[in-house]
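Heads up, the thing below is written out as structure tokens.
The values are calculated or read from the model by the stated rules, or taken from the named source; none is laboratory data. Treat the numbers as computed from the prediction; the structure is a model and nothing was measured. Methodologically, a virtual Cβ is constructed for each residue, glycine included, from the backbone with ideal geometry; neighbour enumeration extends over all protein chains shown.
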Amino acid sequence: MSFEIKFWGVRGTIPTPYHSHLGFGGNTSCVEIHANGHRIILDAGTGIRSLGAAMQRDDGRKAHLLLSHTHLDHINGFPFFAPVFSKETALTIMAGHLADQGGVQHVLQQHLAEPNFPIPVEKMGALMDFVDFRAGDAFALGPEVTVKTAPLNHPYGATGYRIEHAGKSACYVTDTEHTPGRPDQNVLGLIEGADLFIYDCTYTDQEFGDKAGWGHSTWQEGMRLAKAANVGTFVIFHHEPDHDDAAMAAIEQEARLLFPGAIAAREGLQIRLR
């Protein structure tokens, strides 16, 4: 029973196509999960373009796209995701923060409406189904694949995900801000005992003071949550644009000294849960 995770985009806020950032990667958030034959895509940052190219080369054109939220760095790859222009593609797009704001279909249509982009959503070609839920809901994506969700602390809302299959679990918790000294109970409840925990580690604790209110967290807070929830592997994710490869390598090294199961996400990183 396969359960595999691949990172296509790991950067936060804005792409960083610089030589100094290529070791970890400059594309914004996109993570792919294969579970029991189901393809689950988490966010549509610029990393989804490379994923789309890979999908064009295989036979699998069916997927669920689960959006944490719809700030630009998490959807700016969507119009360059080649499968959406193919009639052979069946894509279910889901979000948990837009039910009271017109829904995910409306938001994506606005994003790609004239004069922002020349091809509107309804003319892209793929069979797209838009589904809104409320963060905190749970649902199945097919036999033996369950998704649990939780609301996150981010401007205009965001959703954290826990995907479960065959007794294993992977959690995707990005774009959330913590309160120092007070662990987020929504996050703890979602990640308890998870085999893999991907977390918004945009800043360090030292940088966080000047960034309060921006909707992001730190790798140290992620580590504290990982320890409290007894997770297996803690993945540092949503890298700050100014954190080049040297900075990220130093963060990863320090994190591993404090939490041996820590790893900094890199484009192309693949993890199989066994």
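Considered as a group, the residues in region 28-59 that are touching a Phe, Trp or Tyr at 6+ places or on another chain (Cβ under 7 Å) and not in a strand (DSSP E or B) include one that is surrounded by the fewest Cβ atoms within 10 Å (Cβ to Cβ), and that residue is Ser50.
Whenever a residue of region 47-59 is touching a residue at least 12 places away in the same chain (Cβ under 8 Å), its partners that are among the acidic types (Asp, Glu) and surrounded by 13 or more Cβ atoms within 10 Å (Cβ to Cβ), lying with C-beta atoms within less than 6 angstrom and at least six residues away or across chains, give the pairs Leu51/Glu32.
Pairing each residue of region 97-126 that is at negative phi and among the acidic types (Asp, Glu) with any residue that is surrounded by 15 or more Cβ atoms within 10 Å (Cβ to Cβ) and part of a helix (DSSP H, G or I), provided the two are 6+ apart or on different chains, yields C-beta distances under 8 Å for Glu122/Gln109. Scanning region 178-210 for residues that are out of contact with any strand residue (DSSP E or B) (no Cβ under 6 Å at 6 or more places or on another chain) and farther than 20 Å from Lys148 by Cα yields His178, Thr179, Pro180, Gly181, Arg182, Thr202, Gln206, Glu207, Gly209, Asp210.
Considering region 247-266, the residues that are without any contact (Cβ under 8 Å) to a residue 24 or more places away in the chain and in a helix (DSSP H, G or I) include one that is farthest from Thr16 (Cα to Cα), namely Leu257. When region 211-248 is filtered for residues that are at pLDDT 95 or above, more than 20 Å from Leu72 (Cβ to Cβ) and among the small types (Gly, Ala, Ser), the ones remaining, listed by number, are Gly222, Ala226, Ala228, Ala229, Gly232, Ala246, Ala247. Taken as a whole, the condition of being without any contact (Cβ under 8 Å) to a residue 24 or more places away in the chain and not β-branched (Val, Ile, Thr) does not apply to Lys168. Out of Ile251, Ile198, one residue alone is modelled with pLDDT of 95 or more, over 20 Å from Cys30 (Cβ atoms) and buried (at least 17 other Cβ atoms within 10 Å of the Cβ). It is Ile251. So which residues in region 62-92 are under 15 Å from Ser50 (Cβ atoms) and either in contact with a Cys (Cβ under 8 Å, 6 or more places away or on another chain) or among the aromatic types (Phe, Trp, Tyr) (or both)? Within region 62-92, Gly77, Phe78, Phe80, Phe81 qualify. When region 221-243 is limited to residues that are surrounded by fewer than 19 Cβ atoms within 10 Å (Cβ to Cβ) and in a loop (DSSP other than H, G, I, E, B), the one that is nearest to the chain's Cα centre (by Cα) turns out to be Pro241.
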